[in-house]
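Presented below is the structure to which this report refers.
The values are calculated or read from the model by the stated rules, or taken from the named source; none is laboratory data. Everything numeric here is computed off the predicted structure, so don't read it as measured data. When we count neighbours, we look across all protein chains shown, and the Cβ atoms used for this are built from the backbone with ideal geometry, even at glycine. Note: areas computed on protein heavy atoms with side chains; ligands, DNA, RNA excluded. Shrake-Rupley method; radii C 1.70, N 1.55, O 1.52, S 1.80 Å.
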Amino acid sequence: MTALRFAAWLSVPARWYLGVVFVGACLHKIADPRSFALDIATYDILPLVLINLIAITLPWVELATGGMLFAGWRVRTASFLVAVMMAVFMLALLIALARGLDMSCGCFASQGAEEEDPISRLTVLRDLVWFGLALFVFVFDRGRLGLDRWLQRRSA
Amino acid sequence: MAVAQITQPSRRSMPDRLRVLLEAIAVTAVGVVIALLFNALRPAGLELIARTPYQILVPCPEPGGPVQIVQATESWILSARTFLVDARSPQEFDLRHLPGAVNLPYDWLEPVPEDDLLELAQSIAGSGAKRVAVYGDGGRPDSGEHLGKEISGRGIKNVFFVSGGAPAVLGSEKQ
């Protein structure tokens, strides 16, 4: 098995993992957009007019990309979107850390939730790993065990 | 058929990166539309634009690091290996202080100036002392404890604050 083929196979669990992460991350935000809006406001980066709009829409984009990655449909597009979102999240985290804010990440649970996820360098590192995984999937995925390949075979 | 022959090559010729970008925009747009519809239909939908600022409750980062308590009667406080810091006002310091103590007034409202802390850290590092003992006004809260935390936060180890502050430590010195 060549290195490229190995990487293509490796990208399958990578995209499944990213898919689960993104779907898992969006559920509490969709269920409670008000809390997510507070999370965004706590970062103190976006103007007030954008906070609710982002809180309402971003989780659905996360859900769409997570679902696409898991199902293996338009994988390059989904991994590109994930990489862009991870880059934005990392930037927000770095700004919050530079300001010395002692706050929850809001990634998987809202501010004040019992299961807190305080921001730290580790949070940035975690996002960096996911960013790298998204790039890996973007470059090496060949549609194995995915909807794209199944649809392609069906139409052929 | 003729149309298919014309359109298929043109679709193939679209650069992959451009296709990915266009699809990403499309996915985002669909996600946004679904999100807005869902929000409009749900009973407790969020208003699109917040009218009042959010009440953000972010605790201020606790400045400083750990300090240990030491009783004023502890003999090593006055040893040559202890660097003494007096957190009281210059007037109080001038009236009376422990021999060898350095005055760095602690202000409850203002943070200790960066330069002063840096200078103190350099003095401590250059003194060869094994520990730092900070004493304040002995009140509750004690200025010495808070200054000790700030000094400790600069990476200086073995920082102690004297329980009871100046009244206790100067009293015990008299004895």
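So here's what we get for this one:
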read-out	value
Unique residue being modelled with pLDDT under 85 and open to solvent by 90 Å² or more (accessible area, probe 1.4 Å) when the list is B:Arg12, B:Arg81	B:Arg12
Residue among A:Ile56, A:Ile45, A:Ile51, A:Ile30 that is at negative phi, at pLDDT below 90 and in contact with a helix residue (DSSP H, G or I) (Cβ under 7 Å, 6 or more places away or on another chain)	A:Ile45
Search result, residues across segment A:70-82 that are more than 7 Å from chain B (Cβ to nearest Cβ) and either among the small types (Gly, Ala, Ser) or open to solvent by 10 Å² or more (accessible area, probe 1.4 Å) (or both)	A:Phe70, A:Ala71, A:Gly72, A:Trp73, A:Ala78, A:Ser79
Unique residue being surrounded by 15 or more Cβ atoms within 10 Å (Cβ to Cβ), out of contact with any strand residue (DSSP E or B) (no Cβ under 8 Å at 6 or more places or on another chain) and more than 22 Å from B:Thr28 (Cα to Cα) when the list is A:Phe136, A:Phe140	A:Phe140
Filter result (touching a strand residue (DSSP E or B) at 6+ places or on another chain (Cβ under 8 Å) and surrounded by fewer than 16 Cβ atoms within 10 Å (Cβ to Cβ)) within segment A:94-109	A:Asp102
Scan of segment A:47-69 for residues that are more than 9 Å from chain B (Cβ to nearest Cβ) and buried (at least 20 other Cβ atoms within 10 Å of the Cβ), ordered by number	A:Gly66, A:Leu69
Residue satisfying all of: in segment A:32-46; open to solvent by 60 Å² or more (accessible area, probe 1.4 Å) and at the interface with chain B (Cβ under 10 Å from one of its Cβ atoms); nearest to A:Cys105 (Cα to Cα) among these	A:Asp44
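For every residue, the table says whether it meets (1) touching a residue at least 60 places away in the same chain (Cβ under 8 Å); (2) open to solvent by 60 Å² or more (accessible area, probe 1.4 Å).
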residue	(1), (2)
B:Pro99	no, yes
B:Val102	no, no
B:Gly126	no, yes
B:Lys130	no, yes
B:Gly139	no, no
B:Asp142	no, no
B:Glu145	yes, no
